Amino acid sequence: MSVSVLVGSQWGDEGKGKIVDILGDRFDIVARYQGGANAGHTIVIGDQQFVLHLIPSGILREDVECVIGNGVVIDPQALLDEIKFLEDHGFKVKGRLFISHNAHLIMPYHKIIDSINESGDNKIGTTGRGIGPCYIDKYDRKGIRIVDLLDKVELEKKIRRNIEEKNKIITNVFNKEELDVEKIVSDYLAFDEAIDQYITDVPVFLDEAIRNGKSVLMEGAQGALLDVDHGTYPYVTSSNPTSGGACIGLGLPPTKISSVFGIVKAYTTRVGFGPFPTELLGEEGEALRTWGAEFGATTGRPRRCGWFDAFLLNYSRMINGIERVAITKLDVLSNMDEIKVCIAYELDGKRLKSFPTTESQLTRVVPIYETLPGWKTDITNVRSYDDLPNETKNYLSFISEHSGFEISIISVGPKRDQTIEL
Ligand code: GDP
Ligand code: IMO
Ligand code: MG
């Protein structure tokens with residue numbers, strides 16, 4: 001039985017939600033390993049659209065068990081809202097959701113600090129969900145974890161101690177209003193009742209499951225280029241979406257992983273600030289945004305759009321160990337007369353051998369493009385590879401050859417059945 005990692009291969013929003021849902025009927029367990037409610041994973045079933053932020057995208061398949069690993073930062077209110085939303089729509093969550101006792105909790109001060117940081121000069125363009133400040137507290141060993149909900153006396157002590165410290169910063173350094181300690185304490189003491197039933201020793205749970213022959217799909221949030229170590233730092237998120245993060249974020253050893261599957265959008269998008277070599281700033285970018293409905297699933301912000309970047313994908317393939325990919329949103333390119341693909345970068349007149357991750361280099365690189373003919377045909381109803389126009393097949397072989405991966409799924413629309421498997 002297999003244990004696979006599914007990673008976003010670009011800057012997030014590649015269509016991970018749809019593909020996890022598609023693959024969900026082949027796995028027993030879907031497990032999220034990092035990020036938090038900054039993620040927005042969309043699944044369309046019939047006419048209904050679901051956007052999941054914290055709960056794994058396998059939850060919409062009734063036979064799948066879902067795990068939230070220690071690497072995820074959990075906003076308890078967002079979690080409870082999501083559970084309620086799913087239950088209101090007829091999905092069973094109790095008994096199917098398992099949350100790591102070691103996952104850290106997002107506290108109200110994390111969101112406040114996130115928004116204060118974003119109001120200064122060094123903006124990242126975060127989602128404002130308190131992600132960075134929560135991971136800071138984790139690594140500073142001041143975080144409050146899911147397991148802390150089980151001991152009310154200790155929980156209260158930890159919250160009061162942290163708020164005393166945060167209040168000094170919030171009032172003295174930033175001149176903002178003091179946090180309401182009593183309200184935060186009483187809110188967080190109350191979360192225990194609703195969340196206790198989901199708390200699980202996840203490494204033990206997964207180890208037993210795998211020994212019993214169950215298969216696991218590890219669902220990444222964000223994307224490789226938003227990785228805090230391997231992405232376009234500092235314009236990244238504060239966790240490790242790359243495949244290595246899956247082991248740390250779930251307590252699963254690397255020896256258990258059998259494959260890494262990448263999700264790749266047929267063009268490129270990015271939300272927030274940071275360099276984006278193939279970005280289209282004019283009408284073509286606007287057209288891609290409109291055709292692809294490129295607006296954030298979490299914040300509603302317009303996504304920046306640009307051409308497919310095979311040079312970037314080669315880097316992503318290398319750091320993730322991606323073997324096979326799903327190409328999503330291929331239908332969005334159907335209106336284009338010509339389609340460009342970036343195959344290399346030049347810097348100061350020289351071709352680069354490897355992808356530069358520094359802001360200063362990435363803002364100066366010149367993308368080298370090859371231009372391919374468009375297919376100018378609606379492909380949203382195509383269900384087999386053979387029925388795709390020749391120009392579409394050429395585009396697929398071109399990007400696969402230049403990025404070094406094999407394509408095994410092609411998505412031609414947001415719905416479940418708008419999928420071609422090779
Ligand atoms: P994720 O964060 O990687 O799960 O991706 P998002 O859900 O944030 O964004 C992907 C968007 O594209 C969602 O609105 C999906 O419903 C939609 N989508 C997924 N696959 C396709 C596709 O093949 N074609 C089109 N047109 N839309 C798609
Ligand atoms: P999914 O899982 C796209 C981006 C933000 C910002 C940077 C840091 O839906 O693909 P953060 O709030 O994490 O501190 O913001 O990361 N970002 C995403 N972009 N998709 C996401 O998630 C993202 N999650 C965070 O826009 O640039
Ligand atoms: Mg998203």
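Every number in this text was worked out from the coordinates using simple rules, so none of it is lab data. What you see is a predicted model, and the numbers here were worked out from it, not measured in a lab. Don't worry about glycine lacking a Cβ; one is built from the backbone with ideal geometry, like all the others, and counts go over all protein chains shown.
According to the square roots a ≥ b ≥ c of the eigenvalues of the Cα gyration tensor, what is the shape class of region 173-247, taking rounded for a/c under 1.5, prolate for a/b larger than b/c otherwise, and oblate for the remainder? Here region 173-247 falls in the oblate category. Between the C-alpha center of region 1-69 and that of region 283-325 there is a gap of 18 Å. Count Lys and Arg as plus one, Asp and Glu as minus one, and take only other residues whose Cβ is under 11 Å from that of Ile210; the net charge is then 0. Here the Gaussian network model covers the chain, with springs between Cα atoms less than 10 Å apart; of Ile379, Ile410, Ile263, Ile379 fluctuates the most. Sequence-distant contacts, meaning Cα pairs under 8 Å at least 6 residues apart, place the relative contact order of region 277-395 at 24 percent.
Above 27 Å, the calculated P(r) of region 264-421 contains 22 percent of its Cα-Cα pairs. By the beta-carbon count within 10 Å of each Cβ, the least crowded to most crowded order of Thr357, Thr377, Thr255, fewest first, is Thr255, Thr377, Thr357.
Computed over the chain with a Gaussian network model linking Cα atoms closer than 10 Å, the most mobile of Lys265, Lys329, Lys94 is Lys94. For Thr268, the residues whose amide H sits under 5 Å from its own are Gly306, Trp307, Phe308, ignoring neighbours fewer than 5 places away on the same chain, with H placed 1.01 Å from N. Computed from backbone phi with θ = phi - 60° and the Karplus coefficients 6.51, -1.76 and 1.60, the 3J(HN,Hα) list for region 333-341 is 7, 4, 8, 6, 5, 9, 10, 9, 10 Hz; x is used for glycine and proline.
Quick check: from the Cα gyration tensor, does region 86-220 come out rounded (a/c under 1.5), prolate or oblate? It comes out prolate by the Cα gyration axes.
Taking the fewest neighbouring Cβ atoms within 10 Å as the starting point, the ordered list for Phe85, Phe405 is Phe85, Phe405.
A simple count of charges around Gln34, restricted to other residues whose Cβ falls under 11 Å of its Cβ and scoring Lys, Arg +1 and Asp, Glu -1, yields -1. Only beta bridges with both residues in region 264-421 are counted; by DSSP, about 70 percent of them are antiparallel.
A helix-only calculation puts the chain at -9000 deg cm²/dmol for mean residue ellipticity at 222 nm, using -39500 (n - 2.57) for each DSSP H run of at least four residues, averaged over all residues. Across the alpha-carbon set of the chain, the Rg to Rh ratio works out to 0.98, Rh being the Kirkwood radius. Cα to Cα, under 15 Å, and not fewer than 8 places away if on the same chain: which aspartates and glutamates meet these conditions relative to Lys92? Partners found: Glu62, Asp63, Glu65, Asp81, Glu82. Could you work out how far the C-alpha centroid of region 143-197 sits from that of region 72-99, in angstrom? Taking the Cα centre of each part, region 143-197 and region 72-99 sit 22 Å apart.
Mean-square fluctuations from a GNM of the chain, with a 10 angstrom spring cutoff on Cα atoms, peak among Asp75, Asp180, Asp148 at Asp180. Other residues lying with their Cβ under 14 Å from the Cβ of Pro277 contribute a combined charge of +1, Lys and Arg counting +1, Asp and Glu -1. Per residue, the average separation of C-alpha pairs within less than 8 Å and at least 6 apart gives the chain a relative contact order of 20 percent. Legend: P(r) of region 220-355 from all alpha carbon pair distances, 5 Å bins from 0, whole percents, reading 2, 9, 17, 21, 21, 15, 9, 4, 2, 0.
Take every DSSP beta bridge with both residues inside the chain and express the antiparallel ones as a percent of the total, to the nearest 5. Within the chain, antiparallel bridges account for around 40 percent of the total.
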